[in-house]
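Structure record follows, encoded as structure tokens.
Please treat every number below as a calculation from the coordinates, not as lab data. Values in this document were obtained by computation on a predicted structure and should not be read as measured data.
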Amino acid sequence: MCNLYSQTRSQDAMRQVFSQALLAGEALQDNSGNQPVLRRIYPDYRAPVITVAAGGFQITTARWGMPTPQACLVGKRTDPGVTNIRNTASAHWRRWLGVTHRCLVPFDAFSEPDTRPGAARGKPLWFALGQDRPLAFFAGIHTEWTSVRRLKEGAVTTDLFGFLTTEPNREVAAVHPKAMPVILSRPEDWRRWLSAPLPEALSLQRPLEDGSLEVLEDVTDEPL
């Protein structure tokens with residue numbers, strides 16, 4: 001599972017990149033406030049997402065982790081959320097697969113635990129679309145939900161998001177053979193995920209092409 005990713009690009013960069021997917025007359029509103037550089041995004045952190053809005057789309061923020069299926073919460077006092085979603089046939093997830101609940105999650109690198117021989121236990125291995133970490137998007141879903149995320153917070157109503165996973169491509173399978181995030185790198189696919197009928201949108205739940213990702217051995221806390 002991908003439980004750590006990075007988004008170091010500015011809001012202006014997000015707007016410029018996503019403008020490639022806009023049609024004439026559409027706008028991308030920015031309702032995300034003053035966004036910091038997010039070098040390490042962990043579960044339950046608040047991060048930017050792009051959603052459908054009146055007149056086009058918007059950049060907003062949400063907390064990472066969709067509502068957990070009720071059967072998995074029996075006996076538990078909190079719901080920390082589900083970050084990665086694979087089974088889109090599940091009734092729990094299908095209620096949020098319509099256009100109004102789909103989103104794009106901007107990122108420039110994501111990590112999986114490095115399971116290669118000799119790797120330090122728990123060390124993250126980072127992947128990106130190039131050494132310069134160009135901006136791309138995970139195919140995500142979002143919703144507003146009331147739950148107890150942390151006991152000290154109590155019940156809160158907040159916007160939540162998660163992203164889809166699929167079979168890994170060659171690069172990710174070398175360290176994580178079960179899954180990888182659904183990554184959309186083309187403007188036509190960004191638009192399809194946000195606006196197409198469900199069968200067409202779910203056709204995007206597939207691995208990124210082999211050879212598309214590069215391993216970043218030396219990701220540091222410094223933004224690029």
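Quick notes on this structure:
- For region 83-224, average projected area of the Cα convex hull in nm²: 10.3
- Spatially proximal lysines relative to Lys123 (Cα-Cα < 25 Å; intrachain offsets below 8 disregarded): Lys178
- Within the chain, DSSP assigns beta bridges of which about 85% are antiparallel (rounded to the nearest 5).
- Scalar couplings 3J(HN,Hα) for region 183-194, obtained by applying the Karplus form with A = 6.51, B = -1.76, C = 1.60 to θ = phi - 60°, are 10, 10, 10, 10, x, 5, 7, 4, 5, 4, 5, 7 Hz; x denotes Gly and Pro.
- Candidates Ser185, Ser90, Ser147: whichever shows maximal mean-square fluctuation once the chain is modelled as a Gaussian network with Cα springs under 10 Å: Ser90
- Relative contact order (%) - criterion: Cα under 8 Å, at least six apart; region: region 1-106: 27
- Structure-based [θ]222 nm, the chain - -39500 (n - 2.57) summed over DSSP H runs of at least 4, per residue, nearest 500: -3000 deg cm²/dmol
- Computed over region 5-216: relative contact order in percent, which uses C-alpha pairs under 8 Å that are six or more apart: 21
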